Amino acid sequence: MRPITITTGQYGDLPFEEVCKQMSAIGYEGLEIACQSHLDVHRYLEDEAYAEKFDNTLKRYHLKVWALSVHLAGQCIGDRWDERLDNFAPARYAGKPEEIRAWAAEEVKAAAKAAKKMGAKVVTCFMGSPIWPFWYSFPQTTQKMIDDGYARIRELWTPIFDVFDECGVKFALEVHPTEIAFDYYSTKKLLDVFEWRPTLGINFDPSHLQWQGVNPCLFLRDFADRIYHVHMKDVKVRLDGRAGILGSHIEFGDVRRAWNFVSLGHGDVDFDGIIRELNAMHYEGPLSVEWEDSGMERMYGAKEAFEFAKRTNFEPSAIAFDSALKTV
């Protein structure tokens, strides 16, 4: 049975031990550790006392780690700099795009090494995108501009993936708006550009596909061999005739929006279909709850989401349903 875990990013203001205590009490089997919230990867690699304390905290609460998350640093590698990226990097690099990029690359490499040391097989991440501002082709965007953007991502990420290969750790990109791969065809293009390098796979999150109108089940089916990690996250889409699908520059949680992330089971994602696809492709990795719902208290949401994920996480049948009807 696939383990049910939760990513710690949305609980990043809480001490690590408090997160472990509360999530273990709910029933979670593990954590997807948000490194910039709960794990200093460099210290974990260099300070044995720190690493031992971290590992012992997990053991005390009977929690395992299947994946580390280093999304924020990853975003800084491929993006065109603006002041928002300063929030993801140490203050000393503010306003220094190339220094932020170099810092971020070392963070992601260190995350791969920390994952190896910890026994985790996957690092989930963003990659950023130098061409996201071109998503709507006006002013007119040439194909060369798009191709150059993908080539730049290959240039930036290839030496990072080399470190992942040395560590025997997989890289799982969360397909997401603002990333170089944000939907079906941009994902296929990214994999093509990297010549389907085995290092690079997908952190499947259906919520980001659902609101764009991409069928998450078909996405799973077509990229089955590249699904290295799965996020459980829901979204509710309500096109009421006023709100547009692009969000209207209205903050998440505002009920006027055409879509909002919601706790599991409160939205439009077909999790029954997703589990059936995961069964068909023999995915045995974790189902990692990424809890995001601005309209619900988060610990209530963590418990409710766990119960939903556990109830939904059924195994495939070992026999055909009509086999008992057959005669000899």
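The values are calculated or read from the model by the stated rules, or taken from the named source; none is laboratory data. Just so we're clear, the structure is a prediction, and the values are computed from it rather than from any experiment. Cβ placement follows ideal geometry from the backbone for every residue including glycine, while neighbour counts extend to all protein chains displayed. Just the protein is used for accessible areas: all its heavy atoms, side chains included, with ligands, DNA and RNA removed. Shrake-Rupley method; radii C 1.70, N 1.55, O 1.52, S 1.80 Å.
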Requested in this report: Figure the gain on full extension for Arg276 and Ile245 (residue separation times 0.36 nm, minus the Cα-Cα span) and round it to one decimal in nm.
Outcome: 8.3 nm
Requested in this report: Return, ordered by residue number, the residues of the range 249-292 whose backbone nitrogen is under 14 Å from a label point located 7 Å along Cα→Cβ of Glu307.
Outcome: 264-266
Query - By average C-beta atoms within 10 angstrom, highest first, the peptides 218-230, 11-23 - result: 218-230, 11-23
Report summary line: Rounded to 0.05, the calculated FRET efficiency for the beta carbons of Phe138 and Asp192 at R₀ = 22 Å is 0.30
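First compute the accessible area of the range 156-281 with a 1.4 Å probe, then give the percent of it belonging to carbon and sulfur atoms. Walk me through the numbers before you get to the answer.
On the way: 2740 of 5290 Å².
Using a 1.4 Å probe with all protein chains present, the range 156-281 comes out at 52 percent carbon and sulfur.
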Query raised in the report: When the C-alpha atoms of the chain are aligned to their principal axes, what extent does each axis show, in angstrom, from largest down?
Result: 70, 55, 44
Query raised in the report: Under the Karplus relation 6.51 cos²θ - 1.76 cosθ + 1.60, θ = phi - 60°, what is the ordered set of whole-Hz ³J(HN,Hα) values for the range 170-183, x standing for Gly and Pro?
Result: 8, 9, 10, 6, 7, 5, 6, x, 5, 9, 4, 10, 10, 8
Query raised in the report: Can you list residues whose amide H is under 5 Å from Ile6's amide H, if they're 5+ apart or on another chain and H is modeled 1.01 Å from N?
Result: Gly30, Leu31, Glu32, Val289
Requested in this report: Only loop residues by DSSP count here, and only those with at most 14 other Cβ atoms within 10 Å; note down the GluC sites (Glu not before Pro) in the range 108-195 that meet that.
Outcome: Glu195
Report summary line: Rounded to 0.05, the calculated FRET efficiency for the beta carbons of Asp47 and Phe252 at R₀ = 41 Å is 0.65
Query raised in the report: Rounded to the nearest 5, what is the percent of antiparallel bridges among the DSSP beta bridges in the chain?
Result: 15 percent
Query raised in the report: How large is the Kirkwood hydrodynamic radius of the range 198-301, in angstrom, based on all distinct alpha carbon pairs?
Result: 14.5 Å
Report summary line: Taking r as the C-beta separation of Ala91 and Ser317 and R0 as 41 Å, the FRET efficiency to the nearest 0.05 is 0.15
**Report entry** Whole-Å distance, taken between Cα centres, linking the range 27-43 and the range 217-288
**Finding:** 23 Å
Query raised in the report: How many nm is it between the label spots at Asp225 and Ile26, if each spot is 7 Å from the Cα in line with the beta carbon?
Result: 3.6 nm
Report summary line: Filtering trypsin sites (Lys or Arg not before Pro) in the range 231-261 by DSSP loop and by at most 15 other Cβ atoms within 10 Å leaves Arg238, Arg242, Arg256
